[in-house]
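The values are calculated or read from the model by the stated rules, or taken from the named source; none is laboratory data. In this text the structure is predicted, and so the values were computed from the model without any measurement. All Cβ positions, glycine included, derive from the backbone under ideal geometry; neighbour counts span all protein chains shown. Heads up: the accessible areas ignore ligands, DNA and RNA and are worked out on the full protein's heavy atoms, side chains in. Shrake-Rupley method; radii C 1.70, N 1.55, O 1.52, S 1.80 Å.
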Amino acid sequence: MSINKMSLRIAGAAGQGVESTGAGFSLALSRGGLNLFTMQDYMSRIRGGLNFFQIRVAPNEIFTHTDNIHLLLALNKEAFDTYRTDIVPGGGIIYDQDMKVEDKELEDDGIKAFASPIIEIAEDVGGNRLMTNTAAVAISSGITGFSFEKIGEVIENSFAKKGKQIVEGNLRVAEVAYDFGRDTYYDQFEYHLAEVDRPPRMMINGNQAFSLGALASGCRFISSYPMTPATTIMEILASHAEEYGVLVKQTEDEIAAMCMAIGASHMGVRAMTATSGGGFSLKVEALGLAGMTETPVVIVNVQRPGPSTGLATRTEQGDLRFMLHASQGEFPRLVLTPGTVEQAFEAGARAFNLAEKYQTPVIVLSDQFLGVSSRVLEQDTFDFNGVNIDRGELLRPEDLDKLEEDYQRYVFTETGISPRAIPGSHEKAFYPVTSDEHGPDGHILEDRTNRFRMMNKRMKKLETASIDLWQPELYGPEEADITFVAWGSTYGPLREAVDWLNDDGSSANMLHLPQVWPFPEKRVSEILSGARRVIGVESNFSAQLAGLIREETGFHIGSNILRYDGRPFSPNYITQCLEEERFNAQTI
């Protein structure tokens, strides 16, 4: 018997409530004190297709999902047929009793068939087929032995706005379905869930965590054009707009979104825009404007596979090189690559400080996997009071009073950072701003000596910003036979793969980069130069971080575990590739 250690997958077509059902069940489990990691797999369509919501429960802290599942809740036949092979021996499938399936085939594979009157209970007890998902979740709870009380709480909260009658109907359906699952199948299933007495905690994903970090850091403006999987960042900030005084602009296109964010920041507001790779492509010319005018602005790219529309609802890490070199010409930018929910919050808190301190664009490079996957964390995980706001060389009116000469916005300095005055904040705070090359006073100037000095001034910021590098983390034993190197959302799957290998008697650790630019050359060189065997792990075709490491340090990572099918890494995938020596050119 296994308690509180299992993976449940809810699968069906878009429009069948897969996401809402999974989110509701996850909420009930988290309120029951369980540790969770949830992830979603969904197609780019409103109705039809095949989607799933996966919930992993474990007694210890978890950072990722696994490929194998213990219980499948199949809402349609396609889900039944497609995912039955992912079920471990001893696991089971819940499906409606009227679904035509071959139970004998399941028995041969050691899988329990949990045929259930899901639709019948919804119609006969609740009087409405729309309560099917309520019945399905309640049966799942009964089979696993999880608390009905928590399921009932979530039902009451979820349907409260629809009225007392709807709430009571769903509760009746849930109670009958729960009793059926418990009385009929509980003793046949070896994976059970039990409440754990813990204080209330929060279930949060990467997009939510970043948004909270941005709010804590004083973000007061966001302009965006909706684009999966970044849209929820704008939605979250909009939901807190009145409370925090955030102005939210849904723009007509990505170009307008970038230009509005630059304009807001130019006038002293902490501003950002959020998109995915295709939207970022349209922002590139304006990104150069921010670089030339030394305007602090935060851009979030929640990656999905390209090129063009690519796989619009999937995940990938294919934009790293793009973020480093986007726009014509050269100018400094900082690129943060958080890998966990906690790091997403910290990236939100850090990005605005870095942007204003160094007066340059800061790009936060996330992806769909990090953005929409959730973990359960303690409520005090994020230290909101500990977020310090650093506005850098921002001149106040009293500072401008002390100037004996006219204010020059782009005056040459040793650090490359010129004191910044908000236009109109003082009688001296008036200056021209242009996308052309300019002199210290802001006027257009094509003089070659000035161009040389101004380029040096701007690029000097990368050297200056190196004091604020978010240093790489080495997870695992300091000395190991294998050192994996990764960035971004591969952190969780790779962390667990390292644990698996060390538990099995191997020796492995992981070097993870939460910031790739400016590049943390010293720390990376220090670790890799003493490593015995180095393997890169990236969700892209060309091992982009490995190439960057070679450029910056001279160290060549010859073996890379790569994935670019739009699905996230899992510890299973990583360890299997290692075992089979499948590197660089990958096959599924």
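Annotation: of all residues in the stretch 188-211 being of a type in the set (Asp, Glu) and farther than 14 Å from residue 29 by Cβ, the one that is most open to solvent (accessible area, probe 1.4 Å) is 197. Taking (1) open to solvent by 50 Å² or more (accessible area, probe 1.4 Å); (2) out of contact with any strand residue (DSSP E or B) (no Cβ under 7 Å at 6 or more places or on another chain); (3) not in a helix (DSSP H, G or I) in turn, residue 579 satisfies each apart from (3). Name the single residue, out of those in the stretch 545-588 being of a type in the set (Ser, Thr, Tyr) and in contact (Cβ under 8 Å) with a residue 12 or more places away in the chain, that is farthest from residue 493 (Cα to Cα). Only one residue tops the list, namely 553. The set of residues from the stretch 122-144 being more than 32 Å from the chain's Cα centre (by Cα) and surrounded by fewer than 24 Cβ atoms within 10 Å (Cβ to Cβ) comprises 123, 124, 125, 126, 127, 128, 129. Residue 484 passes every criterion in (1) of a type in the set (Phe, Trp, Tyr); (2) within 26 Å of the chain's Cα centre (by Cα); (3) in a helix (DSSP H, G or I) apart from (3).
Against the condition surrounded by fewer than 24 Cβ atoms within 10 Å (Cβ to Cβ), of a type in the set (A, V, I, L, M, F, W, C) and in contact with a Lys or Arg (Cβ under 9 Å, 6 or more places away or on another chain), how does residue 27 come out, does it pass?
yes
Applying the criterion of being crowded, with 16+ Cβ neighbours inside 10 Å and among the β-branched types (Val, Ile, Thr) to the residues of the stretch 444-483, the residue that is farthest from residue 432 (Cα to Cα) is 482.
Residue check: residue 564 meets all listed conditions (1) under 19 Å from the mean Cα position of the chain (by Cα); (2) of a type in the set (Ser, Thr, Tyr); (3) not in a loop (DSSP other than H, G, I, E, B) but one, namely (3).
Within the stretch 459-469, is even one residue under 28 Å from residue 371 (Cβ atoms) and either charged (D, E, K, R) or not in a helix (DSSP H, G or I) (or both)? Within the stretch 459-469, one or more residues are under 28 Å from residue 371 (Cβ atoms) and either charged (D, E, K, R) or not in a helix (DSSP H, G or I) (or both). Residue 506 falls short on exactly one of the conditions (1) buried (at least 17 other Cβ atoms within 10 Å of the Cβ); (2) of a type outside the set (Asp, Glu); (3) in a loop (DSSP other than H, G, I, E, B), and that condition is (1). On the given criteria, is residue 313 of a type outside the set (A, V, I, L, M) and open to solvent by less than 10 Å² (accessible area, probe 1.4 Å)? Against the criterion (of a type outside the set (A, V, I, L, M) and open to solvent by less than 10 Å² (accessible area, probe 1.4 Å)), residue 313 does not qualify.
Residues in the stretch 291-307: is at least one small (Gly, Ala, Ser), out of contact with any Lys or Arg (no Cβ under 8 Å at 6 or more places or on another chain) and either more than 21 Å from residue 211 (Cα to Cα) or open to solvent by 20 Å² or more (accessible area, probe 1.4 Å) (or both)? Lay out the reasoning, then the answer.
If we filter the stretch 291-307 for residues that are small (Gly, Ala, Ser), which is where we start, we get 291, 306.
Going one step further and asking which of them are out of contact with any Lys or Arg (no Cβ under 8 Å at 6 or more places or on another chain), we end up with 306.
Narrowing the set further to residues that are either more than 21 Å from residue 211 (Cα to Cα) or open to solvent by 20 Å² or more (accessible area, probe 1.4 Å) (or both) leaves 306.
Yes: one or more hits.
With respect to (1) modelled with pLDDT under 95; (2) of a type in the set (Val, Ile, Thr); (3) crowded, with 18+ Cβ neighbours inside 10 Å, the lone exception for residue 85 is condition (3). Among helices (runs of 4 or more DSSP H) entirely within the stretch 324-425, having at least 1 residues that are open to solvent by less than 10 Å² (accessible area, probe 1.4 Å) and touching a Cys at 6+ places or on another chain (Cβ under 7 Å) singles out 341-358.
Against the condition not in a helix (DSSP H, G or I) and not hydroxyl-bearing (Ser, Thr, Tyr), how does residue 498 come out, does it pass? So residue 498 does not fit the description; no.
Taking the criterion of being buried (at least 18 other Cβ atoms within 10 Å of the Cβ) and part of a helix (DSSP H, G or I), would at least one residue in the stretch 514-523 satisfy it?
Filtering the stretch 514-523 down to residues buried (at least 18 other Cβ atoms within 10 Å of the Cβ) leaves 514-520.
Within this subset, residues satisfying the condition of being part of a helix (DSSP H, G or I) are none.
No, because not a single residue in the stretch 514-523 is buried (at least 18 other Cβ atoms within 10 Å of the Cβ) and part of a helix (DSSP H, G or I).
One residue alone among 273, 228 is farther than 30 Å from residue 421 by Cβ, surrounded by 17 or more Cβ atoms within 10 Å (Cβ to Cβ) and in contact with a Ser or Thr (Cβ under 7 Å, 6 or more places away or on another chain), and that residue is 228.
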